[in-house]
Structure formats: C-alpha cells, structure tokens
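Inspection log for the structure reproduced underneath, given as structure tokens.
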Amino acid sequence: MATQQSLFNQLQQLDGQSYGAYKSLKGAYDFADFTLHIDHVQGDPFAAPSRVRVVVPQAIAGFPPEAWNSPCRAIALADYLTREFHQVAGSSQRKSGSGKSGLISIVRPSQAMLARSAARVTAEAVELRFSVGLPAFGRRIAGRQAADLLCNTVPDLVDQTLYYDALDPTSLSQHGQTAEDAEALRSQLAAQNLVAFVADGAVLPRRSGVDERPLADQAVPFQSPPSLRVTLSCPHAGEVTGMGIPRGITLIVGGGYHGKSTLLRAIATGIYNHIPGDGRHQVVTDPTAVKVRAEDGRSIAGVNISPFIGSLPQGKSTQRFSTPNASGSTSQAANIIESIEAGATALLVDEDTSATNFMIRDRRMQALIAKDREPITPFIDKVQQLYTDYGISTVLVMGGSGDYFDVADTVIAMDEFCPQDVTAQAKAIAAQYQTDRDREGGAQFGALTRRTIQPQSIDPSKGKRSVKLRTRDVDHLEIGTEAIDLSAVEQLVESGQVRGIAEAIVYAQSHYMTATTPLGAVVEAVMADVERHGLDSLTHWPMGDLVVFRGLELAAAINRLRSLQVRS
Ligand code: ADP
Ligand code: MG
C-alpha cells in the first residue's frame, strides 16, 4: 500500500498540473495509525468535493467494548464521532484557492441520533467518511496546499476526534446511555398499550421554526397530569415518570398558542432517539407513527380512498383514485391510506395542517348539503373504525371542534403549556350538548387495497446518465427528470435521509419491484437489507452522506412520484 509519505510526494509533483491529474490519487494510503482511502476524486474545483474515508483499527482507536457492543451503542458512538468531527472540521476551516478548495465536510447531524453512512464502529475498526475539496488555483492543482490538507490537517482532525483518549469519556458514555434509555422506553410502549410517552421535565419547544435546538430560558418543562401518569424504567436513568398517551383516539385541545402543536411535533419526532440536552430525549413514540396532513397539489396514483371519499363529480373513481393535482381533502385521505399501506399503526394529525372539510361536517352543513352531494365522509366518522377495524390509533390536535368529544377515548387540554386530563369533562359536555350530527360512512372503515408499482413507471435516468439523483435539504428530491416535493413528509429531519431515500428508490426498483410485488412488501424488503447490511447495501460505492430513514418515508417518496403507475 502507498504511504503518507508517498502521497505527500505525489502531491508535490502534481503542483501546477491541470486539475484532472488529481484522478491519479484514487486509492488507499497507509498513514501508520490509520488508512486513508480516496474513493472518488472530483473533476474540477467547483464539483462535489472528493470522497474520502479514514479507517482506524480499533486496537489503535481504543474504544472500550461497552462503547460499541450493542447496535444501539454503536449507532450512538458513531453519531458522537460524527458530531465531534463536524464541529472540529467546521471550526478549523481554511478555504484556500478556487471553488471548494480546502473544504473538509461531513454530513450535518440534527438533534436526532441516527445511523449514518458517515461513521461506523465495529470490533475491528472505526471508519469515518467525509469529503475534501482538493485545492486548486483556477484549474491548476495547488499541490502544496493539497499535501498540507491531506497529510497534516486530516491527521490532526483524526487525532482530535477518532481516538478514545482524545474524547471526553463522560459525555461519550452519556450519549450511549441516553440512546439506550430511549430505546428501553420505546420498547415498553406496546406492553403499556401506549402510542407515546412524554417524560416529566421534558423540554418540548424549539428555539425557532428554523432552529431545532431546545428553547433555552422561557421553556415550561413538561409535567404529566396525574391520571395519565405512568412510570417506565430504563437501564441508566432508572424509573422515569411521564404522560402516557394511550392507544385509541386521543384529542389534544386547548386555546391557541398553548402548546398543542408543539406537543404533537415532539410526539412525531419521538420515533427517533435524541441527543442528551435536546429536551426530548425521553419522549418516545411508536416507531410506526406517521404525521399526516393535507397536501393539495400532490399527485396520487391509484389509491383506494373510498373509505373517506365517495362518488366524485363526473363519476370519478375513488377506489383507484389518481390525480396530478389533489385537493386538500383527497390529499389528506390518500396520505392516511398510503401510510397504513406502508405499515403505520398510529396517525398524528394537527388541525393546523388539515383540510377542514376532511376533518368535520357539522349538523348545519349536513342539513344544507345533502349526503349525496358531498363525497367526503369526514375523519370524525372514520377515526373510531380505524382503531376497531385495523388497530390504528390517532392522536389529534383539535382546538376548533368539540364534535370530536364523542369519538375520543382521551382528551388532553393544554393550558399554558401544561397538559390536563379533561376526558371526563369533555364526555359530560358531549352528553349535555348533543351535536345532532348524523353519522356518515357506514359501520365499517372499508377495505384497504394493496397496490403494485409498475417498475417501468420509475425512470432514474437523465440525458446520458442511467441514474441521476439530486437532493436538497429535507424536502426536495430529484430522480431522473422528476422532482419530488417532500415538504409534507414531516418526520424527515436530515437531508441525508432524503439522499438515502433517493438511492433506495433506485435500489427498490432494480431489486424488488415486480408487477406482482405489493408496495408494502417492496419497502419491507429494502428496509430488511438496510437493517442487515447497512446503508451501503443501497449503493455501488461507499458513500458518506446517507442517513437512515423509515420504510414509511421511503413509501411516501415513491407515492409522490408524478410518473408513478400502479395496479391494484
Ligand atoms: P398551539 O398549537 O396550541 O397554537 P404551539 O404549540 O404552536 O401552540 O405553541 C405556541 C408557541 O408557544 C410556540 O412559539 C412554541 O414554541 C411555544 N411553546 C410551546 N410549548 C412551550 C413550552 N412548554 N414552554 C414555552 N413555550 C412553549
Ligand atoms: Mg397549533
């Protein structure tokens, strides 16, 4: 294997040559304490930076087995190392030259602790993947700068972040323990018949709409109402008390600005483990809970929305409903049905992002617009059947309609950011003031139809390239010539998840989509591969920018492809 010294010499020789000569760097270099792999060399200084990998043998990195010997701890440790590297590399950034010259970057972690392809810890080694902008002046190789970057800066960063002795052992073990505690809490939900658990003392509000860190000073810590208080136990924090949200139908009510949506959002992100200090690290949710909303304008392919939407104008079918331009109500209906198809067992719904006519139809409107002129059976008439027929729970923020008191099992009122159990009062009020609504939509929820995807309706090619993928932030994905808007898929928290989903769509299409495999089975097969062999199973080359995602979000992305064609 080539060595650090030979890389250094090679870079000196490349100085002043045209940028393309950098391609000769591809390969592995022995740096004594670690191996540097240069996996991909950028074509010019403005292109996506070059991909590199550092592999430190565990014998040298020295992480004690208890730091990595369970899947949960290995993910927490990898997450920790990624954060350290992100922080150190970010603060010691010296751009030198054109374009991305001198840049060293790694995926940017959110508040969630997620498995990422950027870092991996095993009994054998610690591996970190990041990208490096190979320096240039114009289109000429800046060889001396490159030598300094790869042979001095990179080893410095490795020194500061990838050896156990260089790190704070207390904070590192706290990271792992926090993850294990969250896993333990989440694993108790099913036996306790809960959708979610919000620990006492949790800090739910965030700093701003664009800053996911916890609100610092004015946050009111969470305090569970006694009647909904449960005690769960976890290996490190011991017994933890908090509010259990029971399965069934839970209504979150309360005045405007009293913290309803903030609570629901915390529940929605409770599918992930969070870092210590996040404030939500003991907020855990059923891993198959999906936040669903209205999303007018989206396309829908062959979804059986007939449980919610009956005969449409012009006799349009709702058993196999397709449209390039859904309305608020049809989009929300499709989002629910598709989530169930992909395995959701709990729905999280906020009035702020729902279509009013999908949620409710009161007595007066029923009187004015006869049922045969209104295709929508509102959610209020279906939410109980979802639970009794299919075991799907709903947590619903609804400050605007007391009609829901009739169908709720639990009613939580947020008052000055403090939850109260008002179930008994709500039921008494429901008995005193009848709504006189007619129940609509029959006694059963209705059939759920499985769909198969026509594999050829997904085309990842663009121009000369057989696969062209682009992603931006957490809400935008391009596959081939098509753009997918993921802004309504609210539980994605990192751009790397979107990157992973993009790769997974291509992988799903080439490995599992056949004319007879239902979408749910395709997604399951892909997720089983990711679970068993990691995110690398999705790509031909080792990539550093993939972050784990759920099958639910993969299905959501596939469902939003405008070219999608299905059979049911
Ligand atoms: P609602 O949905 O009831 O109208 P929101 O959940 O949107 O209210 O919250 C309103 C505001 O209050 C937001 O700015 C949010 O960050 C803040 N907030 C929510 N919960 C708390 C809390 N526990 N302590 C302090 N501020 C909070
Ligand atoms: Mg709200």
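The values are calculated or read from the model by the stated rules, or taken from the named source; none is laboratory data. Please read all numbers here as calculations on a predicted model, not as lab measurements. Here Cβ is always computed from backbone atoms with ideal geometry, including for glycine, and neighbour counts include all displayed protein chains. The accessibility values were calculated without ligands, DNA or RNA, using every heavy atom of the protein model including side chains. Shrake-Rupley method; radii C 1.70, N 1.55, O 1.52, S 1.80 Å.
Remarks
- Sole exception among (1) free of Cβ contacts under 8 Å to residues at least 40 places away in the same chain; (2) assigned to a loop (DSSP other than H, G, I, E, B); (3) touching a strand residue (DSSP E or B) at 6+ places or on another chain (Cβ under 9 Å); (4) surrounded by fewer than 24 Cβ atoms within 10 Å (Cβ to Cβ) for I305, by number: (4)
- Tabulated pairs, the stretch 537-548, first acidic (D, E), second part of a loop (DSSP other than H, G, I, E, B), C-beta under 9 angstrom, 6+ apart or interchain: D545/I106; D545/V107; D545/S117; D545/A118
Conditions tested, residue by residue: (1) within 16 Å of ligand 1 (Cβ to nearest atom); (2) surrounded by 19 or more Cβ atoms within 10 Å (Cβ to Cβ); (3) at pLDDT 95 or above.
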| site | (1), (2), (3) |
| --- | --- |
| D181 | no, yes, yes |
| L185 | no, yes, yes |
| G209 | yes, no, no |
| R213 | yes, no, yes |
| S233 | no, no, yes |
| T250 | yes, yes, yes |
| Y257 | yes, no, yes |
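- Filter pass, A488 being assigned to a helix (DSSP H, G or I), out of contact with any Gly (no Cβ under 7 Å at 6 or more places or on another chain) and either under 30 Å from R213 (Cβ atoms) or in the same structural domain as G551 (by TED's automatic domain parsing) (or both): no
- Against the test of being more than 20 Å from P287 (Cα to Cα) and touching a residue at least 40 places away in the same chain (Cβ under 8 Å), the options L564, L552 yield a single qualifying residue, L564.
- Of everything listed in (1) outside any strand (DSSP E or B); (2) in contact with a Ser or Thr (Cβ under 7 Å, 6 or more places away or on another chain); (3) not charged (D, E, K, R), the single unmet condition for H258 is (2).
- Selection of the stretch 215-231 for residues being near ligand 1 (Cβ under 8 Å from one of its atoms) and open to solvent by less than 80 Å² (accessible area, probe 1.4 Å) yields L215, A219, V220, P221, F222.
- The set of residues from the stretch 234-268 being in contact with a Cys (Cβ under 9 Å, 6 or more places away or on another chain) and within 16 Å of ligand 2 (Cβ to nearest atom) comprises H258, G259.
- Restricting the search to strands (runs of 3 or more DSSP E) fully inside the stretch 372-434 and requiring at least 2 residues that are open to solvent by less than 70 Å² (accessible area, probe 1.4 Å), more than 15 Å from ligand 1 (Cβ to nearest atom) and closer than 24 Å to R293 by Cα gives 393-397.
- The stretch 324-353 - residue that is in a helix (DSSP H, G or I) and within 16 Å of ligand 1 (Cβ to nearest atom) and, of those, most open to solvent (accessible area, probe 1.4 Å): D352
- Of the residues making up the stretch 510-527, those that are within 21 Å of the chain's Cα centre (by Cα) and touching a residue at least 24 places away in the same chain (Cβ under 8 Å) are L519, G520, V522, V523, E524, V526, M527.
- In the stretch 276-284, the condition of being away from ligand 1 (no atom under 16 Å from the Cβ) and surrounded by 24 or more Cβ atoms within 10 Å (Cβ to Cβ) is met by at least one residue.
- Residue under evaluation R361, criteria (1) surrounded by fewer than 23 Cβ atoms within 10 Å (Cβ to Cβ); (2) more than 16 Å from ligand 1 (Cβ to nearest atom), criterion not met: (1)
- Hey, L492 of a type outside the set (G, A, S), in contact with a strand residue (DSSP E or B) (Cβ under 6 Å, 6 or more places away or on another chain) and under 25 Å from M113 (Cα atoms) or not: no
- Residue count for the stretch 308-362, restricted to those that are in contact with a strand residue (DSSP E or B) (Cβ under 6 Å, 6 or more places away or on another chain), within 16 Å of ligand 2 (Cβ to nearest atom) and not aliphatic (A, V, I, L, M): 2
- Condition check for A196: of a type in the set (A, V, I, L, M), outside any helix (DSSP H, G or I) and within 22 Å of the chain's Cα centre (by Cα): yes
- If you go through the stretch 111-145 and keep only what is among the small types (G, A, S) and buried (at least 24 other Cβ atoms within 10 Å of the Cβ), you end up with S117, A118, A119, G133, A136, A142.
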